[in-house]
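The values are calculated or read from the model by the stated rules, or taken from the named source; none is laboratory data. Since this is a predicted model, take the numbers as computed values, not measurements. We place every Cβ from the backbone using ideal geometry, glycine too, and count neighbours over all the protein chains shown. Ligands, DNA and RNA are stripped out before the accessible areas are found, and what is left, the full protein with its side chains, is counted by its heavy atoms. Shrake-Rupley method; radii C 1.70, N 1.55, O 1.52, S 1.80 Å.
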Amino acid sequence: MLVAPGHKSGALSGHKAFALAMVAGTMAIVALVLLSIAYGSTLIPLTDVIASLGQAVGLNEHQVSGPVGKIVVDLRLPRTILAVCVGGGLGITGALLQTVTRNDLADPFLFGLSSGAAAGAVSVITVFGDTFGIWTLPVAAFTGGILAACIVLLLVARVRGQGPERLILAGLAVSFLFTALTNYLVFAGDQRAAHSVLFWTMGGLGLARWDNVWLGALGAGTIAAYGLWNHRRLDAFLAGESAAESLGVPVARMRRATFLVAAFSTAILVSVAGVIGFVGLMIPHLSRPLVGPLHLRLIASCALFGAVLLLASDLLARTLLPPQELPIGIITSSLGALFVVTLVVRNRL
């Protein structure tokens, strides 16, 4: 098959842009990981950070003096890894939801997934207490997220037609419902828990430990594996539903499956990091101009840039008002608001 010279040069240009984006994102992650481990309530020199990490993986026999090694390996490294997993997972989730709903504002917030998970966690904090010990909050948040997803799908199944607009409307209704439930629980429950509730509903990585980091990896890995396995079907959505159907893609079933996987991953991520908004909305918009709309590259770039965004946001949250730690949601929501305003001004929404 003959290829037009312009097409070939365009493909090469696309490959180059993708490679440059991946290299830049990787370098940013490495720099932010080191800075995230170094900065906090106690400032640790980068030389000690690198020495502690090298000692942890067996590449450096030099003993780091004092408690620095334990702070780096047992406290800050799990938090950093969780930030990478949650940011990458939310970025991919937003990209897939925007594709199957054909809505540029789609993200886990829009469909009630985050609100349901938050309501589950808040019910534990204010009413039920720690029934399952340290796993009570994650279990409750996960249950709330899955329950919200089931209600959305049940509402969609009860109406004629199952297009993306009905999924969005059902998601908005469920989001408002669970937000109202969360607010009721805050006022009706133990008022002394209000601070914990506030921090949880705005997100944070303070719960990060080595025994729950795997949950973040599971959430991000599930949505990434699903997206990569179905990347050609997702690409077909870009041409429209009729074109996707003609290519053999079961559009309605694919939309439901994507929503369920997104709900599962979001519920897991929220269960360890709380509600962190706007990551899933912003990252796909930032990635597409760099790597294009096709999902094989888009998923990789969303994972990378989502991790960069959350690492940077967590670093800001811990250093803006020392020794206090701001909820990450304050940072991401501020950035998200500015981002949406910018899109509106540029007439892209």
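Some notes on this structure:
- Per residue, the accessible area of the chain comes to 48 Å², computed with a 1.4 Å probe over protein heavy atoms only.
- Each label was represented as a point 7 Å from its Cα along the Cα-to-Cβ direction; for Val68 and Phe187 these points are 5.2 nm apart.
- For Leu326, the solvent-accessible surface computed with a 1.4 Å probe is close to 40 Å², ligands and nucleic acids excluded.
- Most mobile of Ala51, Ala83, Ala303 in a GNM of the chain (Cα contacts under 10 Å): Ala51
- Long hydrophobic helices in the chain, taken as whole DSSP H segments with a C-alpha length of 27 Å or more on their own axis and mean Kyte-Doolittle hydropathy at least 0.5: 5-38, 77-101, 136-157, 164-188, 251-273, 295-319.
- Choice from Leu32, Leu59, Leu205 with maximal GNM fluctuation in the chain (Cα, 10 Å cutoff): Leu59
- Over all other residues within a Cβ to Cβ distance under 9 Å of Ser36, the charged ones net out to +2, with Lys and Arg as +1 and Asp and Glu as -1.
- Three-way shape label, the chain, alpha-carbon gyration tensor, a/c 1.5: oblate
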